[in-house]
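K.L.:
Below is a structure I'd like to ask you about.
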Amino acid sequence: MSPLVRRLYRWALVALPEPIRTKHGDAMAALFARDVARARERSRIAAALAIAAGLWDALRRGAYERLRPSAPHSASPGSTRRDPAHPSTPASREPFMSGLLYDVRFALRGLVRSPRFTLLAVVTLALGIGANVALFSVVHGVVLRPLPFDEPERVTHVALDYGAGRQVTVPAYRFEFWSERSRVFESMATWRHTSMVGDEETGERLAVLRVSHEFLSVVGREPVLGRDFTAADDVSGSSEVALIGHDLWRTRFGGDRGVLGRSIELEGTPRTIVGVLPAEFDFPQEPETGDVLVPLRLVADPFDEGENWPILARLAPDVERSTVRADLERVHAEFAAAHPELVDDDNRPLVMASYQELYVGSVVDVLWVLMAATGLVLVIACANVAALVLARGSSRAGEMAVRAALGAGRGRIARHIVAEGLLLGGAACLVGLALAGVGVDLLLGLYPGKLPRAATVGMNPGVVLYAVMAALLTGTGCGLIAAVPALRGRVAGALRESGRGGTGRGGLRRLVLAVEAAVSVVLLVGAGLLVATLVEIRRVDPGFEVEGLLAAELPMPSGGWESAGGVGRVEELVLEELRALPAVAAAAAASTYPLRRGWNIPVTIQSRPDQYEGAVEWRSVSSEYLETLGVSLVRGRTFTPADTEGTPPVALVNEAFVERYFPGESAIGQRIEIGRYDGRYFRPELDVGGTEIIGVISDVREVDLTVDPRRTVVVPAAQAPAALRAPPVLVVRSRGAGSGAAAAVRTVLADVAGAGPMPEVRTMTEVIGDSVAEERFNALLMAILAGVALLLTAFGIYGVVSYGVRQRRREIGIRVALGAGRGTVARLVMGQGMVPVLLGLAVGVVGALGLTRFLEGLLWGVEPTDPVTIVAVALQLAAVAALASWLPVREATRIDPNHSLRPE
Amino acid sequence: MKKPWFFILLSLASRDRYGSDIQEDVRTLSDGDVRLWPATLYGSLEELVERGWIRELDGAEAPADGASRSRWYAIQPEGREALRSEVERSDAVNRVARRRLGRERA
């Protein structure tokens, strides 16, 4: 049993009363350890259940022991001092209840008697707790939960260290070198996720993981049937084999144990099934868990830098982290010595990296920010409920005072209030958990695309424990704030005031209000900055005409490319048909469309061989490309049908390219070498002796709206080297809005696709919308949270001010009777709400200035201390506060002195 | 009678035992149905001691075998009496149940 579990159990035992804990604590802990150890022999799940059952038992028994009506525990052994002739009466019939149970019953009765207060308080807290629990369960599933591997603490990623960042993947020859030379790893593996057609008839695709042969030992899983891959399987030329996933085995092969030796066809290649993966196999590094595993057969060509591979490794048992670091450094040095030709100035060392660092990365920031935001909302909810409890406390001041006068100690009264808080917290916890269930679905639904490990998000003991802790904290928190006056012992004052309506607790209530205002400001500023980010991004000029532009992938004809005369022929025919459509103004094919992934490639300036760049955006396009996109030709000429295979290679470059390499001179006629980096072509066939720049085009934000236009070269599709050719995408410019172009394009493409999969026709507006999906998610969620905070604060202000009006009826009546005008009364009442709110506002702005830097990573085009946002937020809060206090003010100015001064 | 009490008394009715021994015995007695988790076990033992139904053996009385550091418990006449009346009560219920079921079958 881990020390953590042991400690957890010791903590849980604190629930028990002290005497029994002292007497039996060790025995209980020992017995618990034995129970867990036995359960562990059966399975991990049994052990987890045993741990949960043991902890629950300790907590439940603790509650029972403390509530149980009984004589004090006697700790001495052999302690039955009772007269055996007179068996004791059953304790449950004892007339007097012990303290806490009494308090709870009393509080419960009180809550039931004022259902409106109870409902409001529970709903407020439940919203806060629900939001928190929902966020926590996402954070737990995505960030905190260990990976689904055997002994996950021994599994580590190995990545290139770029100081600030990590690069997940390394060239194949490095992977091979490392796995051969390092001594601290038991096994090391790399993989690639692809999807392959697994059934020719239905076209059903399977998620395939191509893995190096030690993959399963790294994740610590063994096939439930058959064998793992061997080194021999991982060599090209050996027979084609596959391991199939548990689900696929059950669904397609009916769980038949005779499946070994049968074959499964992937992309037309039959593979022999050699094993079945266990049901618990899971690999969160990839979006889909593999239905099928096949050997990767990596060829470590030292000159192939194009494809890169991630590394996952299992550490040998009991290796110190420092030893691993030293070993990685040693192998790094050995590599540099063995392959000086492959090492340049930028030779980065390999370091251990966690899954969270590499895969969860940016999501983590968002999650923690949202988590903090929901925490703040909970603070406000708490403050509101505390204010409610306080107000109720004062309206019951008389009752309390009488109780105190009758001999209830301050402690007793405070305890009663705390018990009330706990009951509210408990009820809110249940409702909050239900809300959280809905909230989690909502969050996952709203999150754009790719939340890592979303599948493992859900209710589990950790989440429930968190909810209970949140409820306990908020419950006692509210209770304690509300109990302050009772603790201060204002009993005599309350008795006196009960007759006239006092202001005794006003100070505390106003403090609560100031806190709410301050917290709201922080949230509102956060939300404001995220909304401003979204607005800024949407204002960016993408460099092409978004309206009326459609994009789709070229569909594969149902008979395959070859039977239709090749990709080029299909492209030509489809373009012809598209251009003939009346709704279409222009159409073109290209290697990709903006904001979609495309190739980037090294480029060297031919006349200056020392001027080269590793990653220039590369696009190959058909005729009419510029017209279709609405990109303008700034200088020179565009492609003509004469620029085709066999004629001298030509290219267009964008203005960013010219600015970097030909500032102040004409780029037209200059020659570049596409594919050449540091004197070497990364693929020999790319060496065409240089390409002439014939024109300059305007910049397009190809990668993302938030990324400045990248340097780009555009070549005619006919001259694109075979190595870079792939089925193109189509871009279509429609003639006028709402011309039905999308439907017409769909008809043409459906015709080509036949029975095969139909590509999605998307409008560029949608594409741009998707590209800011993450920012929209951040802004939306923060805005919701800030809105809830603002609403709760408004309720709080209204409550405090209207309460103040009720309490000061007489005073106001006297003032009016003495000649105070409406303005004076309004100022008096408004001040009650506005003064603390403005104070809180000031504090909140200072706080926000300090806190918004945590948002920096999520902002774009806005400073974390953006004055516009801050001023807007301040005005907004002040306006809401004024509105919330206006209603009670109206009530106050209508007070008729005749009524309020009449004796009670 | 509460389930843990019943089974603890039942277990101690055969001989004096210590904590984990009781837990084990109860599990066997109930066919694995009743698991006394530590806090419930020791809490119930304290309750039963308080009621005078069982007592804790003094150090000198405890058998000096392997589990010497454990606390040993012995059932008291009141405990036996309580167990007996519980068994009789449930016997009565069982008789009624059997009769009614029998009538149903007929």
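Nothing in this text is a laboratory measurement; each read-out follows from the coordinates by a stated rule. Values in this document were obtained by computation on a predicted structure and should not be read as measured data. So basically every Cβ, Gly included, is an ideal-geometry build from the backbone, and we count neighbours across all protein chains shown.
K.L.:
Under a 5 Å amide H to amide H cut-off, with H placed in plane at 1.01 Å, what residues pair with residue A:702 once short-range neighbours are removed?
P.N.:
Correct list: A:710.
K.L.:
Averaging sequence separations of C-alpha pairs under 8 Å and six or more residues apart, then dividing by the length of the stretch A:549-767, give the relative contact order as a whole percent.
P.N.:
37 percent
K.L.:
Here's something else I'd like to know. Taking 41 Å as R0, compute the FRET efficiency from the Cβ-Cβ separation of residue A:48 and residue A:236 and round it to 0.05.
P.N.:
0.40
K.L.:
To continue, here is another question. Mind ordering A:742-754, A:274-286 by average Cβ neighbours within 10 Å, highest first?
P.N.:
A:274-286, A:742-754
K.L.:
What ranking, highest mean first, results for peptides A:102-108, A:621-627, A:442-448 when packing means the other Cβ atoms within 10 Å averaged over each residue?
P.N.:
Numbers: A:102-108: 17.3, A:621-627: 20.7, A:442-448: 15.0.
The packing order, highest mean first, is A:621-627, A:102-108, A:442-448.
K.L.:
List the residues, sorted by chain then number, that are 5 or more residues from residue A:586 or on another chain and whose placed amide H is less than 5 Å from its amide H.
P.N.:
Here A:733 satisfy the definition.
K.L.:
Gain in length, residue A:811 to residue A:109, computed as 0.36 nm per residue apart minus the alpha-carbon separation, to one decimal in nm?
P.N.:
249.3 nm
K.L.:
Quickly work out the residue A:56-to-residue A:886 label distance, labels modelled 7 Å from Cα along the C-beta direction, and quote it in nm with one decimal.
P.N.:
5.3 nm
K.L.:
To continue, here is another question. Using only helices, what value at 222 nm comes out for chain B when you add -39,500 (n - 2.57) per DSSP H run of length 4 or more and divide by the total residues, to the nearest 500 deg cm²/dmol?
P.N.:
Calculated from helices alone, the mean residue ellipticity at 222 nm is -21000 deg cm²/dmol.
K.L.:
Show me, for the stretch B:72-88, the HN-Hα J-couplings you get by feeding each phi into the Karplus relation (A = 6.51, B = -1.76, C = 1.60, θ = phi - 60°), rounded to Hz, glycine and proline as x.
P.N.:
With the stated coefficients, the stretch B:72-88 comes to 9, 10, 10, 6, 9, x, 4, x, 4, 4, 4, 4, 4, 5, 5, 5, 5 Hz.
K.L.:
Taking beta carbons within 10 Å but only from partner chains, what does the mean come to for residues B:50-57?
P.N.:
Rounded to a whole number, the mean comes out at 6.
K.L.:
Could you give the nm distance between label points at residue A:822 and residue A:320, where each point is 7 Å from its Cα heading toward the beta carbon?
P.N.:
Each label point lies 7 Å from its Cα, and together they span 8.1 nm.
K.L.:
Let me know the mean shielding of A:50-58 by other chains, meaning the per-residue number of their Cβ atoms within 10 Å of its Cβ.
P.N.:
3
K.L.:
Please sort A:232-242, A:142-152 by packing, taking for each peptide the average over its residues of neighbouring beta carbons within 10 angstrom, highest first.
P.N.:
A:142-152, A:232-242
K.L.:
Here is a follow-up. Roughly how many debye, to the nearest 20, is the charge dipole of the stretch A:695-854 about its Cα centre, given +1 on each Lys and Arg Cβ, -1 on each Asp and Glu Cβ, and no other charges?
P.N.:
Once rounded to the nearest 20, the dipole reads 1100 debye.
K.L.:
Given a cut-off of under 8 Å on Cα pairs at least six residues apart, what relative contact order in percent is computed for chain A?
P.N.:
Value for chain A: 14 percent.
K.L.:
Here's something else I'd like to know. Could you compute the FRET efficiency for residue A:329 and residue A:6, with r as their C-beta to C-beta distance and R0 at 41 Å, rounded to 0.05?
P.N.:
According to the calculation, E is roughly 0.65.
K.L.:
Determine the shape class of the stretch B:3-105: with a ≥ b ≥ c the square roots of the Cα gyration tensor eigenvalues, call it rounded for a/c under 1.5, and otherwise prolate if a/b is greater than b/c, oblate otherwise.
P.N.:
Taking the square roots of the gyration eigenvalues as a ≥ b ≥ c, the stretch B:3-105 is prolate.
K.L.:
Residue by residue through the stretch A:192-197, which ³J(HN,Hα) values in whole Hz follow from phi under the Karplus form 6.51 cos²θ - 1.76 cosθ + 1.60 (θ = phi - 60°), with glycine and proline marked x?
P.N.:
9, 9, 9, 10, 10, 5
K.L.:
Under a plain spin-label model, where a point goes 7 Å from the Cα along Cα-to-Cβ, how far apart in nm are residue A:193 and residue A:263?
P.N.:
Label at residue A:193, label at residue A:263, 2.9 nm between them.
K.L.:
Given the rule -39500 (n - 2.57) for each run of at least 4 DSSP H residues, summed and divided by the residues of chain A, what is its mean residue ellipticity at 222 nm, to the nearest 500 deg cm²/dmol? The partial results should precede the final answer.
P.N.:
Details: 25 runs with 444 residues, N = 904.
Counting only the DSSP helices, I get -16500 deg cm²/dmol.
K.L.:
Another question, then. Which ³J(HN,Hα) values, rounded to whole Hz and listed in residue order, are derived for the stretch A:859-870 from phi using the Karplus coefficients 6.51, -1.76 and 1.60 in 6.51 cos²θ - 1.76 cosθ + 1.60 with θ = phi - 60°, glycine and proline given as x?
P.N.:
9, 8, x, 9, 7, x, 10, 3, x, 4, 4, 5
K.L.:
Report the GluC sites (Glu not before Pro) located in the stretch A:112-206 that are in a DSSP loop and have at most 12 other Cβ atoms inside 10 Å of their Cβ, or state none.
P.N.:
Values: sites: A:153, A:176, A:180, A:186, A:200, A:201, A:204; in loops: A:200, A:201.
Here the GluC sites (Glu not before Pro) that fit, given the DSSP loop and packing criteria, are A:200, A:201.
K.L.:
Could you list which residues have their amide H under 5 Å from that of residue A:353, counting only those 5 or more apart in sequence or on another chain, with H placed in the peptide plane?
P.N.:
A:157, A:158, A:159
K.L.:
Roughly how crowded by other chains is peptide A:26-38, in terms of the mean Cβ count from those chains within 10 Å of each of its Cβ atoms? Intermediate results must be reported in sequence, preceding the final value.
P.N.:
Working: counts 1, 10, 8, 1, 5, 9, 3, 1, 4, 6, 0, 0, 0.
The shielding value for this peptide is 4.
K.L.:
If R₀ is 35 angstrom, what is the calculated FRET efficiency for the pair residue A:144 and residue A:558, using the beta carbon separation as r and rounding to 0.05?
P.N.:
Working: r = 48 Å, r/R0 = 1.36.
Here the calculated transfer efficiency is 0.15.
K.L.:
Can I ask one more? If you stretched the chain out fully between residue A:153 and residue A:899, how much longer would it get, using 0.36 nm times the residue separation minus the C-alpha to C-alpha distance?
P.N.:
261.1 nm
K.L.:
Once you have the Cα-Cα distance between residue A:120 and residue A:300, take 0.36 nm times their residue separation minus that, and quote the gain in nm to one decimal.
P.N.:
Full-extension gain reported as 58.1 nm.
K.L.:
Shape verdict for the protein assembly as shown, please, from the Cα gyration tensor: rounded (a/c under 1.5), prolate (a/b greater than b/c) or oblate.
P.N.:
oblate
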